[in-house]
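In what follows, a structure is listed as structure tokens, so that the remarks can point back to it.
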Amino acid sequence: MSNEDISEEFPKEFDTESICPSCGKKLTFIFHRTKISYEEAIEIESYFCKSCLYKSNEIRSLEREEPKKLVFGIRNSGDIRTILYRSPEARIEIPELNVDIEPGEISTGEITTVEGVLQGILEKIDLFDEEDADVEVLRNLKERIQGIINGNGENFTLVIDDPRGKSRINSSRVIILRHAAE
Ligand SMILES: [Zn+2]
């Protein structure tokens, strides 16, 4: 089946014998195969209760790629405007800044820029409990990131470690390493 066929499909509804955990009526099963940017074909399965509007969703990607590590050396202030896609399971590392961003449990993928990633780190620093971290180290990191965002051209490396291999960085200078993710 080609991707075009997949995008043409409309959601299908089926009556089921499953019972709504909320009100006890019978659930409707809705199946939808579609396409979204960067993830290509996905299946959306949901159980829906027409009586109380209870809904549970499951989204599954039909395509899976080999684990992959993307390495992008930021060499000038223009590089921070490079667009990237981080898939839901991907980890981000910036070794020069000692930064390591694990995908959260309820993490969704995001389309952003290198600058957007840096802004996200600044927001996280503000959320840190001061008792759990060295205030001086955090302040220095914050100033350094702010400097990069302001265009001081500091070089650093952005690494996206993606067990599903779906992440992208839109630059011809990205090095892609096949890599078995732990
Ligand atoms: Zn219900």
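The values are calculated or read from the model by the stated rules, or taken from the named source; none is laboratory data. Since the structure is predicted, the reported quantities are computational estimates derived from the model, not experimental observations. Cβ sites come from the backbone with ideal geometry, for glycine too, and all protein chains shown count toward neighbours. Heads up: the accessible areas ignore ligands, DNA and RNA and are worked out on the full protein's heavy atoms, side chains in. Shrake-Rupley method; radii C 1.70, N 1.55, O 1.52, S 1.80 Å.
Rounded, prolate or oblate: which fits the chain, taking a ≥ b ≥ c as square roots of the Cα gyration tensor eigenvalues, rounded meaning a/c under 1.5, else prolate when a/b beats b/c? Prolate.
Considering only the Cα atoms of region 131-175, their convex hull presents on average a projected area of 5.2 nm².
For the Cα atoms of the chain, what angle does the longest principal axis make with the long axis of helix 135-149, in degrees from 0 to 90, nearest 10? Approximately 80 degrees, to the nearest 10.
The modelled label-to-label distance for the pair residue 77/residue 15, using points 7 Å beyond Cα in the direction of Cβ, is 6.7 nm.
Within the accessible surface of the chain, defined with a 1.4 Å probe on protein heavy atoms only, the carbon and sulfur portion equals 49 percent. Comparing 80, 111, 19 in a Gaussian network model of the chain (Cα springs below 10 Å), the most mobile by mean-square fluctuation is 19.
Against the chain, whose longest principal axis comes from its Cα atoms, helix 114-127 is set at around 90 degrees. Each Lys or Arg adds one and each Asp or Glu subtracts one; over the other residues with Cβ under 13 Å from the Cβ of residue 83, this totals 0. Distance between the pseudo-spin-label points of residue 146 and residue 30 (7 Å out from Cα toward the beta carbon): 4.6 nm.
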